[in-house]
């Protein structure tokens, strides 16, 4: 497929962010080998979600089976692909998955799960050498009316309240429109997207108050001197942390789990397709010419240096095996793109 340009949502995002980032990632095939806590957590939880939803394929599982499958999937993913995930992050993921199960297990009677991680590839209209590819997180049929839906999972630290900018940006999000085309390529007519969002807790175990900062109450006749209520004489244990986090999630579950049915009009899909086609043509041109400008404004876009910042600034070569790896395929997650 060397003469075919395969475009994905991730590739479009990289190109829109920085052409040099896109070139290094999708033309040259380099990836950073440095662990990324938030990205690794998202992938870990996604692996659990695949197992949870997969347990519902064909029939309703017995109580507790889906959760057990999900936890097992995350444990396996951590061991094989994310060893940098620490015990705190793992405990957080397991607790969050248990809360997800409690939040949504009741609703699964509404859905028939047709597939998990369903891959598609679509030829862009009039552009036979340009293909748009991706994976539907889940493909569903609504039992009440037989309509077809696809699921998009996201883990985020953003505000999930109704009307927040997180939901507003979905109005023009190209992924939802692209995936409508993917569902059609698979032979279905989608009614919409079930956008399933999970807030990523940022809490960590509380640490002991440094000795020099500790303050004590004055002793009384009935009570000895003790630390102020907001201070600690020992680090919070993992079990204590899980109890505290469970209390926070249980108090306000809607702040951690949100779903929305995202509908696309045909006119909106057509408009988004124009955007995608134009960007795909720019990507194709850059691939042919080898031109890839840097965008310094994007170097710290997510509050940390871009994976290639040290290389682009001349500090580290691409052949530094302690920093980068060159992949055989720039789309290792997509089998259709590698045929």
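Points to keep in mind about this one:
- Of 86, 101, all but one fail to be in contact (Cβ under 8 Å) with a residue 40 or more places away in the chain and under 21 Å from residue 242 (Cα atoms); the exception is 101.
- Residues located in the range 323-339, provided they are touching a residue at least 24 places away in the same chain (Cβ under 8 Å) and in a loop (DSSP other than H, G, I, E, B): 323, 327, 328, 329, 330, 331, 333, 334, 335, 339
- Condition met for residue 254 (within 30 Å of residue 123 (Cα to Cα) and assigned to a helix (DSSP H, G or I)): no
- Meets criteria (surrounded by 13 or more Cβ atoms within 10 Å (Cβ to Cβ), out of contact with any strand residue (DSSP E or B) (no Cβ under 7 Å at 6 or more places or on another chain) and either more than 24 Å from residue 205 (Cα to Cα) or at pLDDT 95 or above (or both)) for residue 85: no
- Test result for residue 94, touching a helix residue (DSSP H, G or I) at 6+ places or on another chain (Cβ under 8 Å), in contact (Cβ under 8 Å) with a residue 12 or more places away in the chain and closer than 30 Å to residue 278 by Cα: no
Conditions tested, residue by residue: (1) exposed (fewer than 14 other Cβ atoms within 10 Å of the Cβ); (2) out of contact with any helix residue (DSSP H, G or I) (no Cβ under 9 Å at 6 or more places or on another chain); (3) assigned to a loop (DSSP other than H, G, I, E, B).
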| site | (1), (2), (3) |
| --- | --- |
| 235 | yes, yes, yes |
| 246 | no, no, no |
| 294 | no, no, yes |
| 320 | yes, no, yes |
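- Any hit, the range 268-291, residues being surrounded by fewer than 12 Cβ atoms within 10 Å (Cβ to Cβ) and in a loop (DSSP other than H, G, I, E, B): yes
The values are calculated or read from the model by the stated rules, or taken from the named source; none is laboratory data. The model shown is predicted, which means the values in this text are computed figures rather than measured ones. Neighbour counts run over all protein chains shown; Cβ positions are idealised from the backbone, glycine included.
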